[in-house]
Amino acid sequence: MTPALPHQGGPPDEPRRPAEDGRHKARRRALTLLIIGLLIGVPAGYLVISANQSRNSGKDKEAKYSATGLSAGWPSKVQRRLYQVTVPHPADHVAYYETNNWKTSRLYMQFSTNPAGLDSFLEIMGTRRDQLKKDDITIGARDRKVSGWHFTGPGPWWGLTHAQKNPAPTQDVVVNLSDPDNPMVYVVSRTVP
């Protein structure tokens, strides 16, 4: 049998702590619960907010890439550079739609501008206004169906095809000059990836 060790007392010069009263104990427990709540609640709240942002971002991307037909707004700078399509200043009613597959990628774009904007657009593309041909609807039936364009309203309608060697894109352009001060421009730029 092992002899019992003597109990060691506290240092003689240290005063004894008084027993904890009920109010102090309740305050200490409340503070402990608050700290635990914050340690759990703040990260949980962050996770909920982050998850909602992530889900909303996915919905935005899904809406963008599942869109069919033209969407109001400007194509990105990368799209404009890839398809070699500029939007002149000033421009209104700008809308676009992009399709991609293993064979051909297309950018459909429309906008209205003024006569100087039309000249600038054609010049940057590498053509001139005198190359437009009256009543020449260069955008084919397939592309009209995809974009929802119907070139049946009041004209005159003018068109041209700006063909380039691959990999540079080829652009089909149709211009509605029923209001000569505000021509409406329709473009299909296609490229082979």
**Message:** Quick check on region 87-101. Is at least one of its residues out of contact with any Cys (no Cβ under 7 Å at 6 or more places or on another chain), open to solvent by 60 Å² or more (accessible area, probe 1.4 Å), of a type in the set (Val, Ile, Thr) and within 15 Å of residue 147 (Cα to Cα)?
**Reply:** no
**Prompt:** Any residue in region 149-164 that is among the aliphatic types (A, V, I, L, M), touching a residue at least 12 places away in the same chain (Cβ under 8 Å) and not in a helix (DSSP H, G or I)?
**Reply:** yes
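Can you confirm whether residue 136 is more than 20 Å from residue 75 (Cα to Cα), more than 31 Å from the chain's Cα centre (by Cα), of a type outside the set (Val, Ile, Thr) and surrounded by 11 or more Cβ atoms within 10 Å (Cβ to Cβ)?
On the way: more than 20 Å from residue 75 (Cα to Cα): yes; more than 31 Å from the chain's Cα centre (by Cα): yes; of a type outside the set (Val, Ile, Thr): yes; surrounded by 11 or more Cβ atoms within 10 Å (Cβ to Cβ): yes.
Spelling it out, residue 136 is indeed more than 20 Å from residue 75 (Cα to Cα), more than 31 Å from the chain's Cα centre (by Cα), of a type outside the set (Val, Ile, Thr) and surrounded by 11 or more Cβ atoms within 10 Å (Cβ to Cβ).
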**Request:** Could you please let me know if residue 86 is assigned to a loop (DSSP other than H, G, I, E, B), closer than 27 Å to residue 192 by Cβ and touching a helix residue (DSSP H, G or I) at 6+ places or on another chain (Cβ under 6 Å)?
**Result:** yes
**Message:** Take the conditions touching a Pro at 6+ places or on another chain (Cβ under 9 Å), of a type in the set (D, E, K, R) and touching a residue at least 24 places away in the same chain (Cβ under 8 Å) and apply them to residue 133. Does it pass?
**Reply:** no
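The values are calculated or read from the model by the stated rules, or taken from the named source; none is laboratory data. All figures in this text were calculated on a predicted structure; none of them were measured in a lab. When we count neighbours, we look across all protein chains shown, and the Cβ atoms used for this are built from the backbone with ideal geometry, even at glycine. Areas reflect the complete protein model, heavy atoms only, side chains present, ligands, DNA and RNA absent. Shrake-Rupley method; radii C 1.70, N 1.55, O 1.52, S 1.80 Å.
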